[in-house]
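Reading through the structure tokens given below for one structure.
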Amino acid sequence: MSVNGNNFRGTVLLVDDEAMVRKSTEKWLTMAGFEVIGCDSGAEALKHISESFRGIVVSDVKMPEMSGLEFMALALTEVPGLPVVLVTGHGDVDMAISAMRKGAYDFIEKPFNPERLVETIQRACEKRRLMLDNLRLQQHLASSTGIDKRLIGISPVIQRLKQEIITLADLDTNVIIYGETGTGKELVAQSLHEFSTRNKAHFVPINCGAIPEALIESELFGHEAGAFTGASKRRIGKFEYASGGTLFLDEIESMPLHLQIKLLRALQEGVIERLGGNAPIAVDLRVIAAAKTDLRVDDNFREDLFYRLNVTQLHIPPLRERLEDAPLLFEHYLRMTAQSHECEPRILPEQDIRALHSYQWPGNVRELKNVAMRYALDKRVSVSAILFPDDQPMQLSELSGDISQPLAIQVAAFEAEVIKRSLAEHEGNIKAVMDMLDLPRRTLNQKMAKYGLHRSDFTPD
């Protein structure tokens, strides 16, 4: 059976040899928004199991010829991690718990509550979607080559940037790269060098804003022995070292005016002189400059130097303008960190993927990389907790019955404790807690989220 696309919640492969039960369950799940594929045996259901199957499985345990457990084992061999929900009689609960240790996602007792079945299936479908999203990200990263491996992203703006880089790489002209802090200006400059005919020579980066003004001239042009106090021997400067390759001048807007004049002369004539020397030294290089703001309107930047550099321009979009790339970038840095520290990469849950999409990333890719490293190394934190610390649920340990605290805090502490005790008493049975506390499901869910309570923490192992 199929459902309207606007109400689609996931695909369910339903396996049950009892036709009446199967048909009624199919009808209920279809009305709830699921697409249902009904099968009367495990053998029939296995025909639908493959890596391309995007749904989950709900299977009865006791069936002739092939039991639900045997079917589950074969299904998980074909698709590891596939969520399988088992439907079992009351006397088979111990067996079902054992099956969960072997890979079952959950089990439902007969006669089952249709609402609980829908809730369980919905969670299983969300897990399956998450698994497929992570698999897609991993496959994209693994199959990336060339510019796609260096500049990670699938958004239209980053695809245009990649094409511009490929086009400009072999033109051998000077380039100005504009972009906010952390967007990856040096990475783009490296890509221009790597895909150019100069890629056999050096790519030499220098941050004009990080070098003291007294040293930057020596860094760029080098010096002869004795040129100044401490210059005990000749030193080759960045210009000379980059000859034949590419010189990258990051934060060029911070370059002092007197050095801008020398830079202009070097670019115009293709010649430099070391500090303390008189001999002209020919250099052949491509200059790529990077700036955070428009150099054209910068009163502290020479107009003639601007026009010398501004043969072509590249604009790197901030991460907030390509949020669809955030999970892909995060997965990349997550796996890099896990590999370098020889640990297993964590899998992003759905709420953390939503957090990646909703955060505005003022620090751009550099900030995302730092968050990914922290997430990879600290198993206690979630992405949403790192990015939105003020929106996290209250922790019971933070609540207190101290009468010196405001009334609202004391009431919250009491309410949280009551819900916690009820969940413990009923071993996480939400329906029983709803009945005991006389609360609608939505209200109970909201309060559990507020106090950081999770049903799984109270269910039997």
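The values are calculated or read from the model by the stated rules, or taken from the named source; none is laboratory data. No experiment lies behind these values; they were computed from the predicted model shown. Quick reminder, even Gly has a Cβ in these numbers, built from the backbone with ideal geometry, and neighbours come from all protein chains shown. Heads up: the accessible areas ignore ligands, DNA and RNA and are worked out on the full protein's heavy atoms, side chains in. Shrake-Rupley method; radii C 1.70, N 1.55, O 1.52, S 1.80 Å.
This table checks each residue for (1) open to solvent by 30 Å² or more (accessible area, probe 1.4 Å); (2) modelled with pLDDT of 95 or more; (3) out of contact with any strand residue (DSSP E or B) (no Cβ under 6 Å at 6 or more places or on another chain).
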| site | (1), (2), (3) |
| --- | --- |
| V287 | no, yes, no |
| T293 | yes, no, yes |
| D298 | yes, no, yes |
| F306 | no, yes, yes |
| H315 | yes, yes, no |
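Suppose we filter the stretch 65-84 for residues that are surrounded by 19 or more Cβ atoms within 10 Å (Cβ to Cβ) and either of a type in the set (G, A, S) or without any contact (Cβ under 8 Å) to a residue 12 or more places away in the chain (or both); how many remain?
Going through the stretch 65-84 one residue at a time, the tally reaches 2.
Of the residues K27, K62, which is on the phi < 0 side of the Ramachandran plot, outside any helix (DSSP H, G or I) and surrounded by fewer than 17 Cβ atoms within 10 Å (Cβ to Cβ)?
It is K62.
Out of R128, R136, which single residue is open to solvent by 50 Å² or more (accessible area, probe 1.4 Å) and either among the acidic types (D, E) or at pLDDT below 95 (or both)?
Residue meeting the stated conditions: R136.
Name, by its number, the condition in (1) assigned to a strand (DSSP E or B); (2) on the phi > 0 side of the Ramachandran plot; (3) not hydrophobic (A, V, I, L, M, F, W, C) that does not hold for E342.
It is condition (1) that E342 fails.
Would you pick out the residues in the stretch 354-364 that are in a loop (DSSP other than H, G, I, E, B) and exposed (fewer than 14 other Cβ atoms within 10 Å of the Cβ)?
Those that are in a loop (DSSP other than H, G, I, E, B) and exposed (fewer than 14 other Cβ atoms within 10 Å of the Cβ): Q360, P362.
For (1) closer than 30 Å to D133 by Cβ; (2) at pLDDT 85 or above, each residue gets a yes or a no:
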{"site": "H357", "(1), (2)": "yes, yes"}
{"site": "W361", "(1), (2)": "yes, yes"}
{"site": "N370", "(1), (2)": "yes, yes"}
{"site": "A376", "(1), (2)": "yes, yes"}
{"site": "V381", "(1), (2)": "yes, yes"}
{"site": "P389", "(1), (2)": "yes, no"}
{"site": "E398", "(1), (2)": "no, no"}
{"site": "F414", "(1), (2)": "no, no"}
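Given the structure, is A19 surrounded by fewer than 18 Cβ atoms within 10 Å (Cβ to Cβ), at pLDDT 90 or above, farther than 19 Å from A104 by Cα and of a type in the set (A, V, I, L, M, F, W, C)? Quick ask: steps written out before the conclusion?
Numbers: surrounded by fewer than 18 Cβ atoms within 10 Å (Cβ to Cβ): yes; at pLDDT 90 or above: yes; farther than 19 Å from A104 by Cα: yes; of a type in the set (A, V, I, L, M, F, W, C): yes.
Yes; evaluated as a whole, the condition is true for this residue.
Suppose we filter the stretch 419-455 for residues that are open to solvent by 30 Å² or more (accessible area, probe 1.4 Å), in contact (Cβ under 8 Å) with a residue 40 or more places away in the chain and either over 19 Å from V118 (Cβ atoms) or touching a strand residue (DSSP E or B) at 6+ places or on another chain (Cβ under 9 Å) (or both); how many remain?
2
Please go through the stretch 365-392 and give me each residue that is open to solvent by less than 30 Å² (accessible area, probe 1.4 Å), in contact (Cβ under 8 Å) with a residue 24 or more places away in the chain and of a type in the set (A, V, I, L, M), ordered by number.
Result: V365, L368, V371, A372, A376, V383, L387.
Report, ordered by the first and then the second residue, all pairs with beta carbons closer than 6 Å, sequence separation of six or more or different chains, a first member in the stretch 120-136 that is farther than 16 Å from L14 by Cα, and a second member that is charged (D, E, K, R).
Listed by first residue and then by second, the contacts come to E126/E350; L130/E350.
Only one of (1) assigned to a loop (DSSP other than H, G, I, E, B); (2) open to solvent by 10 Å² or more (accessible area, probe 1.4 Å) is not met by G38, so which one is it?
(1)
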